[in-house]
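Chemist: One structure coming up, written as structure tokens, with questions to follow.
The values are calculated or read from the model by the stated rules, or taken from the named source; none is laboratory data. Note that the structure is a prediction, hence the values are computed from the model and not measured. As a convention, Cβ positions derive from the backbone with ideal geometry for all residues, glycine included, and neighbour counts pool all protein chains shown. Accessible surface is based on the protein model in full, side chains and every heavy atom, while ligands, DNA and RNA are left aside. Shrake-Rupley method; radii C 1.70, N 1.55, O 1.52, S 1.80 Å.
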Amino acid sequence: MDGPSVTAIEAARLLAVQLLSPAFPTGGFAYSQGLEWAMAEGSVRDAATLADWLRDALVHGAGWSDAVLLSLALRPDADHVALDDLARALCLSSERLTETLDQGAAFARTAAALTGTAPDPAALPVAVGRACVGLALPRAEAIALYLQGQMLNQVQAAIRFLPLGQTAGQRVLAGLAPLILRQAARAATATEDELGGCAFGAEIAAMRHETMETRIFRT
């Protein structure tokens, strides 16, 4: 006997989890958003300082900017070309620009085969929004999945660099869940005027990473 029918939102949710998983082939594992320099310098050295760094990124840094850009890109009337230009302009370092463009291009190529959307390169949050705009999924939910994937990539980077075990890393990620949900809900209704931040430490870390002689990550 056939089981219960799958609703559109259930199917959309499953596809969104696939698209926004850190396992989706964007090469995200190769990037640290400047976190590698912060760990090498000693600003991030354990679970507590890692959690502080990631919270600041979510509230004041790239986490918030990406969430708003994704929210704008998820709207039916979104101008994805203009948003891509804006996303590029918000990158204050060459590594940050390379990171979002390389991952966005990789995401768009693979997502196009699953969603039928354009495979054209774009900054990562714009490429994600363009691929997910047709899904019957609440905007805040898609943003939360995106942010969780981004934070998990950062946690995994820390696990590879620091004496930080998998269990401690998962605790850090779980501890960020309430903030991720709050930021996703804020971003879901945000306007372009709410873009921006003041995570100067993270931006400086990204710039200084460019001159590190020995490094594991591309950014």
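Chemist: Looking at the stretch 42-86, which of its residues are more than 18 Å from Ala108 (Cα to Cα) and hydroxyl-bearing (Ser, Thr, Tyr)?
Modeler: Answer for the stretch 42-86, where residues must be more than 18 Å from Ala108 (Cα to Cα) and hydroxyl-bearing (Ser, Thr, Tyr): Ser43, Thr49, Ser65.
Chemist: Take Arg13 and decide whether it is surrounded by 14 or more Cβ atoms within 10 Å (Cβ to Cβ), touching a residue at least 24 places away in the same chain (Cβ under 8 Å), of a type in the set (Lys, Arg) and farther than 21 Å from Ala144 by Cβ. Step through it out loud before you land on a result.
Modeler: On the way: surrounded by 14 or more Cβ atoms within 10 Å (Cβ to Cβ): yes; touching a residue at least 24 places away in the same chain (Cβ under 8 Å): yes; of a type in the set (Lys, Arg): yes; farther than 21 Å from Ala144 by Cβ: no.
So Arg13 fails the test.
Chemist: Further question on the same structure: When the residues of the stretch 78-103 are narrowed to those that are under 16 Å from the mean Cα position of the chain (by Cα) and touching a residue at least 60 places away in the same chain (Cβ under 8 Å), which ends up surrounded by the most Cβ atoms within 10 Å (Cβ to Cβ)?
Modeler: Glu99
Chemist: Continuing with the same structure: Show the residue pairs meeting these rules: Cβ distance below 6 Å; 6+ apart or different chains; first residue within the stretch 18-43 and among the aromatic types (Phe, Trp, Tyr); second residue open to solvent by 50 Å² or more (accessible area, probe 1.4 Å).
Modeler: These pairs meet every condition: Tyr31/Arg218; Trp37/Arg208.
Chemist: Just to check your reading of the model, which residue among Gln148, Gln156 is under 15 Å from Ala51 (Cβ atoms), modelled with pLDDT of 95 or more and open to solvent by 80 Å² or more (accessible area, probe 1.4 Å)?
Modeler: So the residue among Gln148, Gln156 that is under 15 Å from Ala51 (Cβ atoms), modelled with pLDDT of 95 or more and open to solvent by 80 Å² or more (accessible area, probe 1.4 Å) is Gln148.
Chemist: Mind checking which residues of the stretch 32-49 are in contact with a Gly (Cβ under 8 Å, 6 or more places away or on another chain) and open to solvent by less than 50 Å² (accessible area, probe 1.4 Å)?
Modeler: Those that are in contact with a Gly (Cβ under 8 Å, 6 or more places away or on another chain) and open to solvent by less than 50 Å² (accessible area, probe 1.4 Å): Ala38, Ala47.
Chemist: Hey, any hits in the stretch 204-216 for a residue that's outside any helix (DSSP H, G or I), open to solvent by less than 70 Å² (accessible area, probe 1.4 Å), out of contact with any Ser or Thr (no Cβ under 6 Å at 6 or more places or on another chain) and modelled with pLDDT of 95 or more?
Modeler: no
Chemist: Scan the stretch 187-203 for residues that are closer than 23 Å to Ala73 by Cβ, in a helix (DSSP H, G or I) and either touching a His at 6+ places or on another chain (Cβ under 7 Å) or without any contact (Cβ under 8 Å) to a residue 24 or more places away in the chain (or both) and jot them down.
Modeler: Of everything in the stretch 187-203, just one residue is closer than 23 Å to Ala73 by Cβ, in a helix (DSSP H, G or I) and either touching a His at 6+ places or on another chain (Cβ under 7 Å) or without any contact (Cβ under 8 Å) to a residue 24 or more places away in the chain (or both), namely Asp193.
Chemist: Let me ask something additional. Name the residue, out of Arg109, Arg130, that is out of contact with any Cys (no Cβ under 8 Å at 6 or more places or on another chain), open to solvent by 50 Å² or more (accessible area, probe 1.4 Å), assigned to a helix (DSSP H, G or I) and modelled with pLDDT of 95 or more.
Modeler: None of the others qualify; the one that does is Arg109.
Chemist: Another one. Within the stretch 39-69, count every residue that is assigned to a helix (DSSP H, G or I) and among the basic types (Lys, Arg).
Modeler: Total satisfying the criteria: 1.
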